[in-house]
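*Asks:* Below is a structure I'd like to ask you about.
The values are calculated or read from the model by the stated rules, or taken from the named source; none is laboratory data. Remember, predicted model here, so these are calculated numbers, not experimental data. Cβ placement follows ideal geometry from the backbone for every residue including glycine, while neighbour counts extend to all protein chains displayed.
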2 protein chains.
Amino acid sequence: MIKSIGYAATSSTAPLAPFSFERRELTAADVQIEILYCGVCHSDLHQVRSEWGATPYPCVPGHEIVGRVVKVGSAVSKFKVGDMAAVGCMVDSCRQCSPCKEGEEQFCEKGMTWTYCSPDKHTGAFTLGGYSSTIVVDEAFTLKVPAGLDLAAAAPLLCAGITTYSPLKHWKVGPGQRVGVVGLGGLGHMAVKIARAMGAHVVLFTTSESKREDGLRLGAHEVVVSKNKDEMKAQRNSLNFILDTVSAAHDLNAYLSLLKLDGTMTLVGLPPQPAPVSAFQLTAKRRQLAGSSIGGIAETQEMLDFCAKHGIVSDIELIPMQQINEAYERLVKGDVKYRFVIDMATLSA
Amino acid sequence: MIKSIGYAATSSTAPLAPFSFERRELTAADVQIEILYCGVCHSDLHQVRSEWGATPYPCVPGHEIVGRVVKVGSAVSKFKVGDMAAVGCMVDSCRQCSPCKEGEEQFCEKGMTWTYCSPDKHTGAFTLGGYSSTIVVDEAFTLKVPAGLDLAAAAPLLCAGITTYSPLKHWKVGPGQRVGVVGLGGLGHMAVKIARAMGAHVVLFTTSESKREDGLRLGAHEVVVSKNKDEMKAQRNSLNFILDTVSAAHDLNAYLSLLKLDGTMTLVGLPPQPAPVSAFQLTAKRRQLAGSSIGGIAETQEMLDFCAKHGIVSDIELIPMQQINEAYERLVKGDVKYRFVIDMATLSA
């Protein structure tokens, strides 16, 4: 077994604290990665605190992982020792069902293996995530980090990046289109950058006047403060696509009314309660309300390559591992521009 | 002016009663139709009673019109005296905007002219509908009734038929697909017939055990009584498309969970209150919730031709004009299989 150190929560109310554990020995298909950086996703916090159902403890969160390959299994062909590699939300899937065969492992009919808190097929134990020194992952679920990307700022691409890239791609966002992005947080700021790079006219919707300037800096062509009724009204029936990244409860109908004929609004945030949707808003312009969940492995690689080509990374605040609990408190308040990333060198410091 | 008789409501609380009025003289592009049959749509009742906002009175409802051409304007090319013709929900639109040019007049950006209660571009007065002896309509908004269709039973195709045909076509329902139809009323029974004729495997969802047999008779391959949890569970993740025809408040999430990956559920009923929608149900399988509204004129003609080819008409109960108020009471109770059609010969009897 391979020794690893990290930070874990041992109950829904305990802070994250230092934790020693072991990774499985490499199978022929596995790579071992020395983790350099791990992004901090709001999902980490939800699961650490058992806010999405009962979390198995100890829980080592983290699914925005970038690091260096330090060992490879005998059958590994994509990676060699020294390569930069990345791991996102999934580390395995059934690989047999129709979505898996089509490269949409995120919709695996048997259920994929999440990077943490998910039963590991090899060991039977729950997977442990990226707030740790090292990880062992099948090469089929390991991504190559293209040259030129800042490694720390690239980490959030593995969840925030693919979660926004996938729906923008699926609904064919591109030149000539007016695309709305709702919410300027970890997901929203990636969506603005990616939609802009895809060639769309990007309209950012935020509740806070203070984010207007930042929205423009990040690449939005227009910023609408959603509390301003006149600004909202001016966008009516004008958008081809809206990516809604907000997890808090909010009025979906106000945004549906901004879609053109045959426009789609896709949710990637997960408000805890069902949101009221007006049938009239849908029928009036044959609009669609959809949802999207991360992206497949091949698409995640495509996204990384796209981001490298367009010079896109996340805006991050690099923190030492020891500050994770304070970072969680700030995350709850939305006080981060726009993603915390843990510098794993600090773990052994 | 052309004398017409019909039935009108003079206030939101008054019953429909005999009413004499005049139609405009024919323009060069108009046809005059002697109305033989007019279907009774639930929208008629909503508008007669001002349930969708303030209705202009007197209100002559009716937008499922079938009749005989008795006069044509000098420039009319599609019709000659004696032809069977039909009129649906719209009698005009701007004809200039992008949806109009693409044959989707139901999404006219300037707003189409509805068959009743809508300002007539020619006279400035409100349009008066099909519960009447005769109507004058631009030939561009007049449909040909294909030979072989029972005229009375074809009348509901003009609204119930196109409202279900259009989304089934738009979302490419066909062989190899499992298609759900929610609700067995005027719209639902047409959806079952049309989806079946399009080659899909049709699963009808109804709240009432008593409709099971009728569902199968109408063409459903399976009937699910939605109150039965096991029957519902057996359909999970199995449907490519669902057409939801129910106007009463109901749980949309229970149906969304039945859609496969990338499946769409389209609403054509209009529940009065926004319905709670779970983001999890959408994101889990990249599902879509959409809405659809009637169909364009060219598509309505296509639907009529499709129905003639496949021998599809509505199941109707033919009533004399004088029984319209009793019919409305029964309509409120859902006591009709599956559409009332008024025999206009009774108007002058």
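*Asks:* Given B:HIS42, B:HIS63, which one is in contact with a helix residue (DSSP H, G or I) (Cβ under 7 Å, 6 or more places away or on another chain) and either modelled with pLDDT of 95 or more or more than 23 Å from B:ALA155 (Cα to Cα) (or both)?
*Replies:* B:HIS63
*Asks:* So is A:ALA153 more than 14 Å from every other protein chain (Cβ to nearest Cβ), surrounded by fewer than 23 Cβ atoms within 10 Å (Cβ to Cβ) and more than 21 Å from A:GLN32 (Cα to Cα) or not?
*Replies:* Spelling it out, A:ALA153 is indeed more than 14 Å from every other protein chain (Cβ to nearest Cβ), surrounded by fewer than 23 Cβ atoms within 10 Å (Cβ to Cβ) and more than 21 Å from A:GLN32 (Cα to Cα).
*Asks:* Could you please give the count of residues in the stretch B:250-307 that are surrounded by fewer than 22 Cβ atoms within 10 Å (Cβ to Cβ) and aromatic (Phe, Trp, Tyr)?
*Replies:* Number of matching residues: 2.
*Asks:* Further question: Could you give every pair whose Cβ atoms fall below 9 Å, whose first residue belongs to the stretch A:323-349 and is without any contact (Cβ under 8 Å) to a residue 24 or more places away in the chain, and whose second residue is part of a loop (DSSP other than H, G, I, E, B), counting only separations of at least 6 or pairs across chains?
*Replies:* If the second residue must be part of a loop (DSSP other than H, G, I, E, B), the pairs left are A:GLU329/A:ASP335; A:ARG330/A:VAL336.
*Asks:* Looking at the stretch A:206-216, which of its residues are exposed (fewer than 11 other Cβ atoms within 10 Å of the Cβ) and charged (D, E, K, R)?
*Replies:* The one that is exposed (fewer than 11 other Cβ atoms within 10 Å of the Cβ) and charged (D, E, K, R): A:GLU213.
*Asks:* Based on this model, can you work out whether A:SER118 counts as free of Cβ contacts under 8 Å to residues at least 40 places away in the same chain and of a type in the set (Ser, Thr, Tyr)?
*Replies:* Yes.
*Asks:* Still on this structure, I have one more. Of the residues that make up the stretch A:195-206, is at least one in a strand (DSSP E or B) and polar (S, T, N, Q)?
*Replies:* Yes, the stretch A:195-206 has at least one match.
*Asks:* Right, another one. Just the residues that are within 14 Å of chain B (Cβ to nearest Cβ) and assigned to a loop (DSSP other than H, G, I, E, B), please, taken from the stretch A:104-147.
*Replies:* Matches in the stretch A:104-147: A:GLU104, A:CYS108, A:GLU109, A:LYS110, A:GLY111, A:MET112.
*Asks:* Here is a follow-up. Confirm whether B:VAL179 is outside any helix (DSSP H, G or I) and either of a type in the set (A, V, I, L, M, F, W, C) or surrounded by fewer than 19 Cβ atoms within 10 Å (Cβ to Cβ) (or both).
*Replies:* Criteria met by B:VAL179.
*Asks:* Determine which single condition B:LYS309 fails, assuming it passes every other condition in (1) within 7 Å of chain A (Cβ to nearest Cβ); (2) modelled with pLDDT of 95 or more.
*Replies:* Unmet for B:LYS309, out of (1) within 7 Å of chain A (Cβ to nearest Cβ); (2) modelled with pLDDT of 95 or more: (1).
*Asks:* How many residues does the stretch B:217-249 contain that are under 22 Å from the mean Cα position of the chain (by Cα) and either without any contact (Cβ under 8 Å) to a residue 24 or more places away in the chain or crowded, with 17+ Cβ neighbours inside 10 Å (or both)?
*Replies:* So the answer is 12.
*Asks:* Show me the strands (runs of 3 or more DSSP E) entirely contained within the stretch B:233-297 in which 3 or more residues are in contact with a Cys (Cβ under 6 Å, 6 or more places away or on another chain) and within 8 Å of another protein chain (Cβ to nearest Cβ).
*Replies:* Result: empty, no element qualifies.
*Asks:* Within the bounds of the stretch B:17-30, is there any residue that is crowded, with 20+ Cβ neighbours inside 10 Å and of a type outside the set (D, E, K, R)?
*Replies:* No: zero hits.
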